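Student: Starting off with a structure, shown below.
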Amino acid sequence: MKPLIISFFSDIEDNTYYSDHGKRLIEECESLGLRYDIKEKESIGDYRLNCLSKPKYILDKLDEKQEDLLWLDVDSKLHKEPIGFDNIESDLAFTTANGNLSGMKASPIFFKNNDKSRVFIRTWIKATSNLLEQDIFKFDHEPLFQLIPMFLQSKSISMTFVGEEYCAWPGNTNDNTVVTMGLADAESKKEKLRNLGMSEDKIEWQSPGNKHEQSESNRSGV
C-alpha cells in the first residue's frame, strides 16, 4: 500500500519560501496521483524551532490518520512516484546517500502505523526537547541520526533503507532521481550553523535555497 505523504510549511523572515514550496509539492503530488496531507503550520519563530517541532507533528499525524505515513520536507522535489516506500513491512524506512549510516538523511522517512514507530518518534521528541532545555544549538536531524544506530543495535525496531535516488543533492539529479532534497537559505538557519562553528563556505553549500529550482523543474518536467 502507498503511504500518505505528509509535510508542513511555516514561513519565516517575511518571505514565502516555505509556502511557495508547499504549493509546488502539492502540485507534484497531484500530478503524480499521490495522496497527501500538506498544510501550513504556524511558525514557532525561527528555522531551528520549526525544525525541532517536526517529530511531534509527525506523531500527531500518525495518531490522526491511523495509517502509514511518508514524511517529506516541504522543499523536497518529487520527480517520480516514491515507489521504494510502497508496501514497506518494516516499522521505519530511511534514505541514505551512500548505502551506509554515514549517508543518512532526515527526509523522506517512512513510518508504519504501529506502536514501534511511535516509540521511535516519542524518543525523537524527547531528544529534541532536551536540546531546547539545554540550549544546545542542534536541529532535528542530529538526534535522529543518533537514534537510528541505537535502535538498530537493540533490534527492537525494524528498519528499511532506500538509496540515493531518494535524496539527491540540489543540482545533482539524474534520470533515476525520485526526490531532490530541499536546503533552505534562511538567515536564521545560517546563524544557527555559524553557532555550530561551520565555515561560511560550508554554510552556503548547505543553503542553496532556490538556486537550482529552475534546472530541477526543467529536468523533471513537472
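Student: If you average the C-alpha positions of the range 138-163 and of the range 1-79 separately, how far apart do those two centres end up, in angstrom?
Tutor: 21
Student: How far apart, in nm, are two points set 7 Å out from the Cα along the Cα-to-Cβ line at Asn15 and at Met1?
Tutor: Result for the modelled spin labels: 4.0 nm.
Student: Separate question: Based on the Cβ-Cβ distance of Arg122 and Glu200, what FRET efficiency does E = 1/(1 + (r/R0)^6) give at R0 = 41 Å, to the nearest 0.05?
Tutor: 0.65
Student: Which order do the peptides 146-156, 109-119, 92-102, 35-45 take when ranked by the mean count of other beta-carbon atoms within 10 Å per residue, highest first?
Tutor: With the highest mean Cβ count within 10 Å placed first, the list reads 109-119, 92-102, 35-45, 146-156.
Student: If r is the Cβ-Cβ distance from Leu32 to Glu142 and R0 is 30 Å, what FRET efficiency results, to the nearest 0.05?
Tutor: 0.45
Student: Can you give the three extents of the C-alpha atoms in the range 4-164 along their principal axes, from longest to shortest, in whole Å?
Tutor: Largest to smallest, the principal-axis extents are 43, 40, 32 Å.
Student: For Asp115 and Asp60, compute 0.36 nm times the residue count separating them, minus their Cα-Cα distance, and round to one decimal in nm.
Tutor: That pair, Asp115 and Asp60, stretches by 18.5 nm at full extension.
Student: Output the pairs from Lys77/Lys155; Lys39/Lys116; Lys2/Lys54 with a Cα-Cα distance over 29 Å in this structure; if there are none, say none.
Tutor: Long pairs (Cα-Cα over 29 Å): Lys77/Lys155.
Here, each number is a calculation from the coordinates, and none is a lab measurement. Everything numeric in this text was worked out from a predicted model, so none of it was measured. Backbone-built Cβ (ideal geometry, glycine too); neighbour counts: all protein chains shown.
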